[in-house]
Amino acid sequence: MIEVKEAQLATGTSDIFNQLGTHDHEQVLICNDNQTGLKAIIAIHNSVLGPGLGGTRMWNYKSESEAINDVLRLSRGMTYKAAISGLNLGGAKAVIIGDANTMKTEALMRRFGRFVNNLGGKYITAEDVGTTTKDMEYVKMETDHVVGLPESRGGGGDPSPVTAYGVYVGIKASAKKIFGSDDLSGKKIGVTGIGKVGMHLVKYLHKDGANVMVSDINESALLKAHKNYGATVIEGDGMFDAEMDVFAPCALGAILNDETIGRLKTKIVAGAANNQLAIEHIHGPMLKEKGILYAPDFLINAGGLINVYSEHTGYNRENAMRDTEKIYDTLLEIYKTADRENIHTQAAATELAEKRVNDIMQVKSKI
Ligand code: NAD
């Protein structure tokens, strides 16, 4: 018997409801299983456009409060990401609390799959940081509401190369806006986080003749980027102080904050990481004031979602790449709107995404 607990977290009920109220979520499911050690939170932010699709992140959160904050922010981002990409999907996300290297087992992932199944299709899961296509195979053993399966299982495989391609075309669009040309040859581009997305991005940038700098906490990733793509390694957090044309954050969120924005010496920030702005309404305008063009994260990193979405309609990577290329034009449209309305780019992108959700909500309210 699956035990479903929609219960109070250690942070206290009022904290949870305060946090839920801030982002206006539809439903949050707390999943606990003593046998496998599973502690997970599934957050469905908005299902106006369709079922909520979003990956499952496994992370060693310092506290339950940090985990719930992450899942709420990430699931909201998914609503905007799907909406702005023209997909008929809602926004949702899941987090599993724990160390992905030591705690992840087949049983834990399958137990998680049972919780996903209990939501009856309102939530569709996929891989994310700390989970892999192999993990999704285990989830698939318990539910059909999962995408991002290996290609050998009829899925789209790892979405990261498609995400990286979207970030690459997004960097080109941003260069077009700032430099008048999207030619990246000779441009100094700093990539932080040389993981599944970052490494593919470095490959694209290197091919275009960009002068790539890399930073990561993982030495072997840095060595690989240096050896294979001639990237210059920047030690520690030196990327924030380095002169460059484009900064591409591809690690974790909240990287753009009071401390880091003051140090940045770039003309563009355009990277894959989710929730790059620590506090959107503060750090979006702060970048604008500094004259730094910011590519809204949920738009520029939508390639992975576009990729898994196409599993629904019969997977075809060429189609997914072609659809991902549209990020280029959408970004230029957002930049125009932001200029016209004199607002920061994240606000312009949010406005466009919310407009689509609201328009379709109106359509659905009619007979
Ligand atoms: P990943 O785990 O493969 O890579 C993350 C990399 O960041 C790792 O190499 C890690 O060592 C590095 N890192 C972690 N903390 C760091 C720090 N403090 N400083 C420098 N480097 C650090 O993850 P990924 O799949 O490449 O995703 C990267 C980001 O892009 C995440 O924010 C993810 O949510 C977002 N994203 C990924 C996809 C996708 O398709 N994989 C899609 C959309 C958004």
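Side notes on the structure shown:
- Close pairs from segment 259-277: first touching a residue at least 24 places away in the same chain (Cβ under 8 Å) and in the same structural domain as Ile194 (by TED's automatic domain parsing), partner hydroxyl-bearing (Ser, Thr, Tyr) and within 15 Å of the ligand (Cβ to nearest atom), Cβ under 7 Å, at least 6 apart: Ala272/Thr163
- The residue pairs whose first member lies in segment 346-367 and is under 18 Å from Ile327 (Cβ atoms), whose second member is surrounded by fewer than 15 Cβ atoms within 10 Å (Cβ to Cβ), and whose beta carbons are closer than 7 Å, counting only pairs six or more residues apart or on different chains, are Ala348/Glu341.
- Members of segment 181-201 found to be hydrophobic (A, V, I, L, M, F, W, C) and over 17 Å from Asp237 (Cα atoms), listed by number: Leu184, Val197, Met199, Leu201
- Residue check, Asp144 surrounded by fewer than 19 Cβ atoms within 10 Å (Cβ to Cβ) and assigned by TED's automatic domain parsing to the domain that holds Tyr294: no
- Gly86 within 12 Å of the ligand (Cβ to nearest atom) and either in a strand (DSSP E or B) or farther than 20 Å from Val139 by Cβ (or both): no
- Yes/no for Tyr309 being farther than 30 Å from Ser152 by Cα and among the hydroxyl-bearing types (Ser, Thr, Tyr): no
- Candidates are the residues of segment 270-320 that are assigned to a loop (DSSP other than H, G, I, E, B) and near the ligand (Cβ under 10 Å from one of its atoms); the one that is surrounded by the most Cβ atoms within 10 Å (Cβ to Cβ) is Gln276.
- Hits in segment 180-201 (condition: within 11 Å of the ligand (Cβ to nearest atom) and outside any strand (DSSP E or B)): Gly193, Ile194, Gly195, Lys196, Val197, Gly198, Met199, His200, Leu201
- Residue list for segment 81-102, restricted to those being surrounded by fewer than 17 Cβ atoms within 10 Å (Cβ to Cβ), touching a residue at least 12 places away in the same chain (Cβ under 8 Å) and farther than 30 Å from Tyr328 by Cα: Asp99, Ala100
- Every pair of residues 6+ apart whose Cβ atoms lie under 7 Å, when the first sits in segment 121-138 and is more than 15 Å from Gly98 (Cβ to Cβ) and not assigned by TED's automatic domain parsing to the domain that holds Tyr61 while the second is in a helix (DSSP H, G or I) and within 14 Å of the ligand (Cβ to nearest atom): none
- Residue tally, condition within 20 Å of Leu264 (Cβ to Cβ), within 14 Å of the ligand (Cβ to nearest atom) and either surrounded by 20 or more Cβ atoms within 10 Å (Cβ to Cβ) or not assigned by TED's automatic domain parsing to the domain that holds Gly253 (or both), over segment 203-232: 5
The values are calculated or read from the model by the stated rules, or taken from the named source; none is laboratory data. What you see is a predicted model, and the numbers here were worked out from it, not measured in a lab. Don't worry about glycine lacking a Cβ; one is built from the backbone with ideal geometry, like all the others, and counts go over all protein chains shown.
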